[in-house]
Structure formats: C-alpha cells, structure tokens
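S.K.: Have a look at the structure that comes next, please.
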C-alpha cells in the first residue's frame with residue numbers, strides 16, 4: 001500500500017510539474033534598442049589661393065553606413081570655370097578623400113563626430129544640430145595639404161554632385177574693353 005501511495009504521489013507530482021511548465025508564460029525577450037542610422041552633409045570652402053585661380057569647395061558626406069566621402073570642386077579660373085556634368089567635369093573630384101565616421105569622444109572626453117580619412121582623424125562638434133569641423137585637412141594637388149572648415153547638419157542640401165557644382169559654379173569675369 002505504501003508503494004501504491006508513493007507511485008500515486010510521484011505520478012501526481014509529475015502531472016502537476018508538467019502542467020506548470022505548460023502554463024508558464026515566458027517574458028518577451030528585450031531587444032537591443034535599434035540605433036538610428038544617421039547621415040550628415042558638410043560643406044567647406046578653401047579660397048586662400050583664389051587670386052591664383054584655385055577656389056575649392058568641399059562636400060563631405062557622412063553616410064548612414066559609417067563611410068565618409070569627401071568630394072571637391074575647383075570653381076576657379078585655373079579649372080576654366082568648368083560647370084559641366086560631374087562625370088565630364090575635370091574640376092570636380094568625386095572621391096577627393098574617403099574614410100569612416102562614428103560618434104564618440106575626443107581626447108578631452110567631449111562628445112564628437114570622429115572622422116577618419118587618409119589625411120588623419122578629425123573631430124566635429126555638434127551645436128544646435130550644426131556640426132563644425134574646424135581643421136579638416138585635405139590633400140592639395142597631390143603633394144601639399146591644406147585645411148578647411150567644414151560645416152553642416154543632417155539636412156542633405158545637395159542630392160547629387162551636379163546640384164553641388166551648380167551651387168558653386170563661377171563665371172569668368174567680363175572683359176573690359178581696352179581704352
């Protein structure tokens with residue numbers, strides 16, 4: 001009789017445990033917060049040599065995939081005031097430089113947008129939605145480097161390269177008749 005009671009108790013305990021497992025409600029797994037993919041567009045200008053026909057405008061696209069692409073356009077006379085389509089335009093360079101970007105901290109622990117290119121690592125600081133990179137170094141005619149200030153935001157101002165060229169194109173000054 002004791003064996004029967006013991007078997008009955010074990011059977012009852014098994015049924016109760018199996019039943020509890022079926023009724024157990026699993027809590028939904030908490031998903032990691034989805035990081036917003038952001039992109040920025042920054043514009044810069046280098047005109048220290050404009051009187052020699054060198055008048056560079058820069059377009060830095062910080063893309064949502066973490067890539068950074070710097071394009072350049074020499075709107076000055078040295079380039080012949082070329083405002084043609086970017087594919088034919090010798091004054092426009094699609095990839096003047098490229099690299100990566102991310103959000104992080106600078107050496108002093110300040111929040112920054114960190115841009116790494118072949119010319120080095122640069123820090124952009126965001127104030128009221130505007131990003132400023134004050135010392136962005138670029139290669140100048142393959143041998144020298146210069147610096148420009150780039151500024152922009154999440155607003156994509158130029159949807160394509162041709163819009164950028166048209167925004168900054170210059171025309172040759174009108175010739176004055178000889179007296």
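S.K.: Pick out the one residue from 109, 142 that is free of Cβ contacts under 8 Å to residues at least 24 places away in the same chain, within 26 Å of residue 169 (Cβ to Cβ) and out of contact with any strand residue (DSSP E or B) (no Cβ under 9 Å at 6 or more places or on another chain). Full working, then the answer.
M.R.: Values: 109 fails: within 26 Å of residue 169 (Cβ to Cβ).
Being free of Cβ contacts under 8 Å to residues at least 24 places away in the same chain, within 26 Å of residue 169 (Cβ to Cβ) and out of contact with any strand residue (DSSP E or B) (no Cβ under 9 Å at 6 or more places or on another chain) holds for just one of 109, 142, which is 142.
S.K.: Just to be sure before I move on: is residue 65 at pLDDT 55 or above, surrounded by 10 or more Cβ atoms within 10 Å (Cβ to Cβ) and in a loop (DSSP other than H, G, I, E, B) in the structure I sent? Don't jump to the end; show me each part of the working.
M.R.: Working: at pLDDT 55 or above: yes; surrounded by 10 or more Cβ atoms within 10 Å (Cβ to Cβ): no; in a loop (DSSP other than H, G, I, E, B): yes.
Criteria not met by residue 65.
S.K.: Within the stretch 36-47, does at least one residue satisfy the condition of being touching a helix residue (DSSP H, G or I) at 6+ places or on another chain (Cβ under 8 Å), part of a loop (DSSP other than H, G, I, E, B) and at pLDDT 90 or above?
M.R.: Within the stretch 36-47, not a single residue is touching a helix residue (DSSP H, G or I) at 6+ places or on another chain (Cβ under 8 Å), part of a loop (DSSP other than H, G, I, E, B) and at pLDDT 90 or above.
S.K.: Sticking with this structure for a sec: For the stretch 152-161, does any single residue satisfy the condition of being touching a strand residue (DSSP E or B) at 6+ places or on another chain (Cβ under 9 Å) and assigned to a strand (DSSP E or B)?
M.R.: Taking the stretch 152-161 as the starting set, the residues that turn out to be touching a strand residue (DSSP E or B) at 6+ places or on another chain (Cβ under 9 Å) are 152-158, 161.
Those left that are additionally assigned to a strand (DSSP E or B): 152-153.
Taking every residue of the stretch 152-161 in turn, at least one turns out to be touching a strand residue (DSSP E or B) at 6+ places or on another chain (Cβ under 9 Å) and assigned to a strand (DSSP E or B).
S.K.: Suppose we filter 56, 92 for residues that are surrounded by 14 or more Cβ atoms within 10 Å (Cβ to Cβ) and within 18 Å of residue 136 (Cα to Cα); which single one remains?
M.R.: Details: 92 fails: within 18 Å of residue 136 (Cα to Cα).
Residue meeting the stated conditions: 56.
S.K.: Among what's in the stretch 123-133 and is under 16 Å from the mean Cα position of the chain (by Cα) and part of a strand (DSSP E or B), pick the residue that is surrounded by the most Cβ atoms within 10 Å (Cβ to Cβ).
M.R.: Kept after step one, since they are under 16 Å from the mean Cα position of the chain (by Cα), are these residues of the stretch 123-133: 123-126, 129-133.
Going one step further and asking which of them are part of a strand (DSSP E or B), we end up with 123-126, 130-133.
On the way: 123: 20, 124: 24, 125: 14, 126: 15, 130: 14, 131: 21, 132: 16, 133: 22.
Filtering first and then ranking leaves 124.
S.K.: Still on this structure: Pairs only if they're at least six apart or on different chains, beta carbon under 6 angstrom, first in the stretch 57-75 and at positive phi, second modelled with pLDDT of 95 or more; list them, first residue then second.
M.R.: Going by the 6 Å Cβ cut-off, the qualifying pairs are 66/100.
S.K.: Looking at the stretch 68-89, which of the residues that are out of contact with any helix residue (DSSP H, G or I) (no Cβ under 8 Å at 6 or more places or on another chain) and assigned to a strand (DSSP E or B) is surrounded by the most Cβ atoms within 10 Å (Cβ to Cβ)?
M.R.: That would be 70.
The values are calculated or read from the model by the stated rules, or taken from the named source; none is laboratory data. Predicted model only: the values in this text are computed from it and were never measured. Neighbour counts are summed over all protein chains in view; Cβ atoms, including those assigned to glycine, are modelled from backbone coordinates with ideal geometry.
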